[in-house]
Amino acid sequence: MAEPVVRIPDAKVALSTASVYPESTATAFEIAARLGYDGVEVMVWTDPVSQDIEALRRLSDYHRIPILAVHAPCLLITQRVWSTDPWTKLQRAQAAAEKLGAGTVVVHPPFRWQRQYARDFVAGIWRMANETDVRFAVENMYPWRYRDREMLAYAPDWDVTKDDYRHFTIDLSHAATARTDALQMIDRMGDRLGHVHLADGRGSAKDEHLVPGRGNQPCAEVLERLALTGFDGHVVIEVNTRRAMSGAEREADLAEALAFTRLHLASAVKVPRP
């Protein structure tokens with residue numbers, strides 16, 4: 001005899017502080033704790049609190065919610081955050097993760113105009129990964145598009161599975177923008193998939209970061225696969241709530257995203273009855 005059971009992986013569900021923009025990093029901690037997230041991923045950007053390790057530690061302690069990951073400042077708007085030197089940024093992200101007890105640093109591949117950084121990136125990430133227990137999980141990106149033109153903005157490639165990294169981050173919104181198959185990308189990542197940015201998309205040229213279930217990406221299928229394979233990394237809700245008309249509407253979106261994620265991580269399987 002076999003009976004259906006619910007198998008829930010060890011993966012923790014975290015809220016990216018970017019998901020509350022234009023609200024503050026501090027607000028993200030408050031919302032994550034109130035809604036029952038397992039932790040937060042800190043997006044290091046122009047908010048001074050996101051750059052301040054002691055301020056982040058105080059927020060984590062006050063709200064009793066751990067910092068599970070640090071997203072290094074890799075965006076165009078963060079080119080001067082934590083230095084203009086990209087390796088210094090990663091060193092500071094590693095130090096922040098170590099001091100805050102975060103297990104992962106999320107990093108984007110370089111922009112193509114960062115030529116020296118791009119040439120050394122793969123070997124440099126391996127070198128840094130060998131010096132710490134913190135995972136450097138390199139995130140898939142996408143081509144930039146305008147009308148019928150496409151520009152390859154990242155090097156060595158926006159598709160990080162074409163290069164050799166110890167750990168990957170899969171971002172489903174980025175997969176939508178790239179118009180690539182997220183499930184096939186996860187297959188290529190294999191057991192090096194260490195981190196997930198969960199968001200939806202419809203294949204627009206703009207990186208949409210929709211609440212899971214509102215686009216055409218296989219968000220549910222990805223979560224169910226993680227459950228069946230015993231994924232033990234982090235699943236991070238990284239969605240765009242800028243259009244929310246109120247704090248209550250933003251919080252409702254983040255509650256919906258959390259409920260969707262927990263539902264589909266609980267995958268029904270058949271196991272032998274003892």
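The values are calculated or read from the model by the stated rules, or taken from the named source; none is laboratory data. Source: prediction; values computed, not measured. Because the Cβ atoms are built from the backbone with ideal geometry, glycine has one as well, and the counts that use them run over all protein chains shown. Keep in mind that these areas ignore ligands, DNA and RNA; they rest on the heavy atoms of the full protein, side chains included. Shrake-Rupley method; radii C 1.70, N 1.55, O 1.52, S 1.80 Å.
For the chain, report the accessible area per residue in Å² (1.4 Å probe, heavy atoms, rounded to an integer). Spell out each step's value before the answer.
On the way: 12940 Å² over 274 residues.
Each residue of the chain exposes 47 Å² on average to a 1.4 Å probe.
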- prompt: Using unit Cβ charges (K, R positive; D, E negative) and no other charged atoms, how large, in debye to the nearest 20, is the dipole of the chain about its Cα centre?
  reply: 300 debye
- prompt: How far is the Cα center of region 230-260 from the Cα center of region 14-34, in Å?
  reply: 9 Å
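Take each uninterrupted DSSP H stretch in the chain, measure its Cα extent along the helix axis, and return the ones at 18 Å or beyond whose mean Kyte-Doolittle hydropathy is at least -1.0. Don't jump to the answer; show the numbers that get you there.
On the way: long enough: 86-100 (21 Å, -0.75); 115-129 (21 Å, -0.29); 247-265 (27 Å, -0.02).
Passing helices, by number: 86-100, 115-129, 247-265.
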message: Excluding same-chain pairs closer than 8 in sequence, count the lysine pairs in the chain whose Cα atoms lie under 30 Å apart.
response: 9
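How much net charge surrounds residue 108 when only the other residues with a Cβ under 10 Å from the Cβ of residue 108 are counted, with Lys and Arg +1 and Asp and Glu -1?
Numbers: positive: none; negative: 139, 171.
Neighbourhood net charge equals -2.
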query: What part of the accessible area of region 1-108, given as a whole %, is carbon or sulfur when the probe is 1.4 angstrom?
result: 51 percent
query: Taking the Cβ of residue 215 as the center, what net charge do the other residues with Cβ under 10 Å away carry, scoring Lys and Arg +1 and Asp and Glu -1?
result: 0
